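No value in this document is a laboratory result; all are computed from the given coordinates. Remember, predicted model here, so these are calculated numbers, not experimental data. Neighbour counts are summed over all protein chains in view; Cβ atoms, including those assigned to glycine, are modelled from backbone coordinates with ideal geometry.
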Amino acid sequence: MKDTRYYALDKTSLLDKFQTSEAGLSTDQAKKRLEENGPNALTQGKKKNLFQRFFDQFKDFMIIVLLVAALISGFVAQEWADAALILAVVIINAVFGVFQESKAEEAIEALKEMSTPEAHVKRNGKLETVSSEALVVGDVVLLEAGDIVPADIRLIDSASMKIEEAALTGESVPVEKEAQILPDEDIPLGDRKNMAYMNSNVTYGRGVGVVVGVGMDTQVGQIAGMINKAEETSTPLQDNLNSLGKTLTWLILGIAAVIFVVGIFNNHSGLPMNELVINMMLVAISLAVAAIPEGLPAIVTIILALGTTRMAKRKALVRKLPAVETLGSTDIVASDKTGTLTQNKMTVEKFYQYGKLNDAASNITGADKVLQVMTFANDTKIQNDGVLVGDPTETALVQFGFDHDYQVEDELKKEPRVAEVPFDSERKLMSTIHKLSDGKFLVAVKGAPDMLLQRVTKLQKTADEVVDFTDADKKEILKQNKSMATQALRVLAMGYKIIDAVPQTIDSQTVENDLVFAGLIGMIDPERPEAAKAVADAKKAGIRPMMITGDHQDTAEAIAARLGIIEAGDDAAVITGAQLDQMSDEEFEKKVQLYSVYARVSPEHKVRIVKAWQDKGKVVAMTGDGVNDAPALKSADIGIGMGITGTEVSKGASDMVLADDNFATIIVAVEEGRKVFSNIQKSIQYLLSANLGEVLTLFMMTLLGWDILLPVQLLWINLATDTFPAIALGVEPTEPGIMDKKPRGRRSSFLGGGIGPSIVYQGILEGLITLGVYGLAIMFPVHTANDAMHADALTMAYATLALIQLFHAFNVKSTYQSIFKVHMFKNKMFNIGVLTSFIMVAATIAVPGFNKLFHVTELNLEQWLIVLGAGVLMILVVEIVKFFQRRAGKK
């Protein structure tokens, strides 16, 4: 918005600025401005189509190397079967990548849909109803209860007007609006009493105003622009995979180059140079295929997808797959207050009568005047289905009556309203007059305690006794009022009197005097019942919960203390948006760790808070439900929207949506995220140790001049033994104590926690055992013919390299714990995966016709026993290493 201080202009200056009048624009003026500035609608950011998102999947360095390997296999080595298999794996991976991306961005469309379809506007001095998209700056718009504000409007007249702005400002209760001029200084959005903002809701009263902003120049338009500009942050999972992929690929290319050069110089086979180059190129490709975990991206995607299914059953709906794992590494959970940590529903919490402060659950009846007054001086509409419609504060009072079996509708029929003095923001009181059965009249008054006490002369001391009101009584009541206010309760006072006749003139002077003080009511938007435990669980897991809200500082501080986010009275942990504006980015980044509660903040502040923590290397999760949360949700490492109370805008900008709006579900999701990371680690350990075993086997075979495994054999080993066990490891049960550990953070690695060293020694062990079986087969051949002897040895090496990986999959169930303590066969999917992989490998050797395709021979029983013995040896050696690791203090 070019100018946001319209609230400081008087009516004349405002009308002059926009060249309009109280009669509104003419049709020609409106038409000209619409042509110049465009419709009152939001613009949309560019989006990638399906083909663009598909081709984006081929930008990964590891995938590019595999594509090059496929081309060389096909066009140079004429191994078209190998090339086809490599391409198939790459394409399947790309399809999974497109699947994991979220649907086309819905946030801006949702903002558009929120726009009101019609507006009541003055044109040519007459009231007209036009499409909201046809509104232009300078239009004079009429607003009344039930309307959605169609544009940003500066009010020039108002009557008892209240607007609910929670989705925009985070304010938990409707804001009283008035047309008075405000000071020409920076005033927070929620305190601009003479402004009405697009897409907020008029809940009470009426008003007239001048349109000062349309489309992208509105506050909602600014948010839409921030959403369009927000950069998509890469998740820790994506960073880890990219880093791991690049490191592995360069390492593998280096090893392949060394083998190629060594093979050329050694030339054990005595081939001509041209054949030797092609042969060694084929060997290098074989090694690249063996070493590059081409199925890793697809396997990780499948594990994440399985995680989303489990999380959906627990009410956490994931829109972007990497979000499953990101939660597990979260350091900061920055939560909106209204509707997320609280219920977004005003509720009576305490009441004061007869000199005593009571909890809301305490006994109270219609004989107590405080209950009668709060429900009589009330404009709540009770629908046939029992739903309460009206101002949230007033509906809370009626609901309090219902909760105490007070039949409000029946009582109002017995003692109907005959007159009223409506609420206004100056006197802060509302009064209604009701006819009693004895012919007299009851005056029921509710409002601000300080204003009502000025009109009190009597005190309801007991249900049956009324006494004179003294200074001591007033002092005690004000003390109780202050006590409740410091607890962030919104306090209303109740008063009444009995009169013989209704005054001829109904106004504050004739009605609101000589009142009897009945009591006080304290209300609050209460915290969710499960939120405090969720905050405690988050802290136990090393996660820092924070509150970010547009609400007042006192309210935010009180709720945060009740939830355990801060200690009671810890003012230093609370900061307001105005204070934040006084800090430079550098100063704020130095002090950001001091604050856990942010009050009266704007959307720009939320994004700034998220960025400050991210600059410190922290993984930030942001929860929210309002339009104002959308930019921060998109900027955060993981945005968490609310499924029930959340706007479509916030859901569209989120990575994950809570179906039950339950803050505790976040902790469930964190546990699931940590479990997913742990299981991805297991899959990576399994895959990389297997690939390292393959690389070592090929490398040594080349150096020793032995026959080497062919690309088709290596591809089949990878396809058969990598996929199913690796996916099955992704659904391993949660290991104990996973929520007692600190968050891994952004800089964590898949190779951390002892995984890297385990991969190295286990991969070397696999390679050595495979080479040992090959050497044993050469030393003690079943066939004496040289070709048959080498064919058998190569087949046994092939079978050993494949099956030893399946045995090793059981080792990987835990990095340090014995497989006999981690329920070896509890995971049915794992058992089925291992069995399927075994059948796929065995079939290439045992099923007639497959031998030629895979260049292998049939093995006899003795040879199969040697192969199976090698697998058992793998388990035994790893178990011995784990035993000594546990003795050394590893857990």
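Observations
- Degrees, to the nearest 10: 296-313 long Cα axis against longest axis of the chain: 40
- Nearest-ten-degree value, helix 80-100 long axis tilted from longest Cα axis of the chain: 10
- Selection from I866, G889, P150, by position along the positive dipole direction of the chain (Cβ): I866
- Computed about the Cα centre, the dipole magnitude for the chain is approximately 2000 debye when only Lys and Arg (+1) and Asp and Glu (-1) carry charge, each at its Cβ.
- Farthest towards the positive end of the charge dipole of region 532-653, among the residues G646, A536, S584, is the Cα of A536, using unit charges on the Cβ of Lys, Arg, Asp and Glu.
- DSSP finds beta bridges in the chain, and of those with both partners inside it, around 75 percent are antiparallel.
- Ordering of 6-15, 489-498 by burial proxy (mean other Cβ atoms within 10 Å per residue, highest first): 489-498, 6-15
- Only one residue of Q180, V878, H552 has its Cα farthest out toward the positive end of the dipole of the chain, where Lys and Arg carry +1 and Asp and Glu -1 on Cβ, and that residue is V878.
- Residues in region 9-25 carry Karplus couplings, in order, of 8, 7, 4, 4, 5, 5, 5, 5, 4, 9, 6, 9, 8, 5, 7, x, 7 Hz; the curve used is 6.51 cos²θ - 1.76 cosθ + 1.60 with θ = phi - 60°, and Gly or Pro positions show x.
- Cross-link pairs exceeding 24 Å in C-alpha to C-alpha distance, out of K533/K675; K162/K475; K126/K193; K177/K497; K337/K611, comprise K162/K475; K126/K193; K177/K497.
- Peptides 534-546, 192-204 ordered by packing proxy, namely the average of other Cβ atoms within 10 Å per residue, highest first: 192-204, 534-546.
- Protection proxy ranking for 669-679, 806-816, 381-391, using the average of other Cβ atoms within 10 Å per residue and placing the highest first: 669-679, 806-816, 381-391.
- Computed from point charges on the beta carbon alone (+1 for Lys and Arg, -1 for Asp and Glu), the dipole magnitude for region 347-524 about its Cα centre is near 380 Debye.
- Across K381/K413; K315/K381; K741/K828, pairs whose alpha-carbon gap is larger than 23 Å: K315/K381; K741/K828
- Descending Cα extents along the principal axes, the chain, whole Å: 124, 65, 51
- Between the Cα long axis of helix 828-846 and the first principal axis of the chain there is an angle of about 30°, rounded to the nearest 10.
- Near T576, the amide H atoms lying under 5 Å from its own belong to A599; only residues 5 or more places off or on other chains count, and H is placed 1.01 Å from N.
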